[in-house]
Ligand code: DC
């Protein structure tokens, strides 16, 4: 707890539903919300725009520490609006190429170090819900409540497939299952902050649960553990 600022961490692989659940919890509790994946995505986009190559570790670290970014919470919930150098890049950071690049820059220890304090600065009263891969293990290791949300690779690929169809884009389900497995392997095997549950995390498998069911379980957990 930082100055009476309770922190809830939600870690897990892509497609586990952690983003949606974290946003719902933050809105319900009136807490701030950190989408840490967006920071890695913003860095990938900033690097592309400023022509900083991925093997330029010093350049990437400086960019990570100093890039001009702003997150604007949406009062009705949902993803925050994200600005890079005052430009709304909320859509630009969500494309597949940027996701791939984010996964590459996220494997560089110096980049993770440069983003550490920026992430920790999101902890402000009345509280924070932090969503990512290493929120409970590294960035907020003292968090009051740590959740690790997962789902089978097939289920996560199907969710992604549905999302893409909704956006008018498509990719074969088989290709998406491969992609999910590749991304898991990269995020889970890197030497620094690999994706893994904190020892004291509550594990929840959402494979056969709806968002509403996951939310209800976690909301109850927050009530039991934090009395809010
Ligand atoms: O959750 P996402 O897809 O927006 O994350 C983009 C990439 O950033 C993903 O490959 C994992 C990485 N990431 C990370 O390494 N640590 C975090 N705390 C959040 C995301």
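The values are calculated or read from the model by the stated rules, or taken from the named source; none is laboratory data. It should be emphasised that the depicted structure is a prediction, and the values quoted were computed from it without experimental measurement. Reconstructed Cβ throughout: ideal geometry from the backbone, glycine too, with neighbour counts over all protein chains shown.
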Would you check if there is a residue in segment 38-53 being away from the ligand (no atom under 12 Å from the Cβ), touching a residue at least 12 places away in the same chain (Cβ under 8 Å), surrounded by fewer than 15 Cβ atoms within 10 Å (Cβ to Cβ) and not in a helix (DSSP H, G or I)? yes
Taking segment 1-15 and keeping only residues that are modelled with pLDDT of 95 or more and within 16 Å of the ligand (Cβ to nearest atom), one is left with 7, 8, 9, 10, 11, 12
If residue 224 passes every condition in (1) in contact with a strand residue (DSSP E or B) (Cβ under 7 Å, 6 or more places away or on another chain); (2) within 21 Å of residue 7 (Cα to Cα); (3) away from the ligand (no atom under 14 Å from the Cβ) but one, which one does it miss? (1)
Can you pull out every residue in segment 202-218 that is in contact (Cβ under 8 Å) with a residue 60 or more places away in the chain and surrounded by 15 or more Cβ atoms within 10 Å (Cβ to Cβ)? 206, 214, 215, 218
What tally of residues in segment 165-201 results from selecting those that are surrounded by 14 or more Cβ atoms within 10 Å (Cβ to Cβ), at pLDDT below 90 and away from the ligand (no atom under 12 Å from the Cβ)? 1
Scan (1) part of a strand (DSSP E or B); (2) within 14 Å of the ligand (Cβ to nearest atom) for the single condition residue 83 breaks and write down its number. (2)
Hits in segment 64-78 - residues which are closer than 29 Å to residue 108 by Cβ and not in a helix (DSSP H, G or I): 67, 68, 69, 70, 71, 72, 73
Quick one: which strands (runs of 3 or more DSSP E) lie wholly within segment 123-214 and hold at least 1 residues that are over 14 Å from residue 19 (Cα atoms) and out of contact with any strand residue (DSSP E or B) (no Cβ under 6 Å at 6 or more places or on another chain)? none
Since residue 198 meets every condition but one in (1) over 18 Å from residue 155 (Cα atoms); (2) out of contact with any helix residue (DSSP H, G or I) (no Cβ under 6 Å at 6 or more places or on another chain), which condition does it not meet? (2)
Residue in segment 82-105 that is surrounded by the fewest Cβ atoms within 10 Å (Cβ to Cβ), counting only those that are modelled with pLDDT of 95 or more and closer than 19 Å to residue 59 by Cβ: 85
